[in-house]
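The values are calculated or read from the model by the stated rules, or taken from the named source; none is laboratory data. As the structure is a prediction and not an experimental result, all values here were calculated from the model. As a convention, Cβ positions derive from the backbone with ideal geometry for all residues, glycine included, and neighbour counts pool all protein chains shown.
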Amino acid sequence: MQTAEALPTQAAAPAPDPYEACTRLAREHYENFPVGRLVPKKIRPHVHAVYAFARVADDLADEGYADPRQKDPDSKAPTQAQRLAV
């Protein structure tokens with residue numbers, strides 16, 4: 001009977017921080033969310049998460065898609081998923 005050799009292990013890549021992605025989205029649309037930085041720093045990531053959810057839901061409702069390349073196949077714009085990196 002042969003034994004299998006142990007495969008080298010790799011450290012798992014760290015998972016992206018979803019709050020960071022939400023904060024990025026809120027900053028990209030600062031003109032629609034100017035008061036975000038007025039809330040206490042402790043709860044700011046949570047407020048950004050609520051804003052990001054509402055923003056994505058609104059975009060889907062208005063445009064019917066989250067991928068700008070569906071509207072313009074030549075677009076170099078990142079998809080909503082790429083922007084949120086979640």
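Points worth noting:
- In region 29-49, the residues that are loosely packed, with under 14 Cβ neighbours inside 10 Å and assigned to a helix (DSSP H, G or I): Tyr30, Glu31, Asn32, Pro34, Val35, Arg37, Leu38, His46
- For region 1-28, a residue qualifies if it is modelled with pLDDT of 75 or more and either surrounded by fewer than 11 Cβ atoms within 10 Å (Cβ to Cβ) or not hydroxyl-bearing (Ser, Thr, Tyr) (or both), and the qualifying residues are Pro14, Pro16, Asp17, Pro18, Glu20, Ala21, Cys22, Arg24, Leu25, Ala26, Arg27, Glu28.
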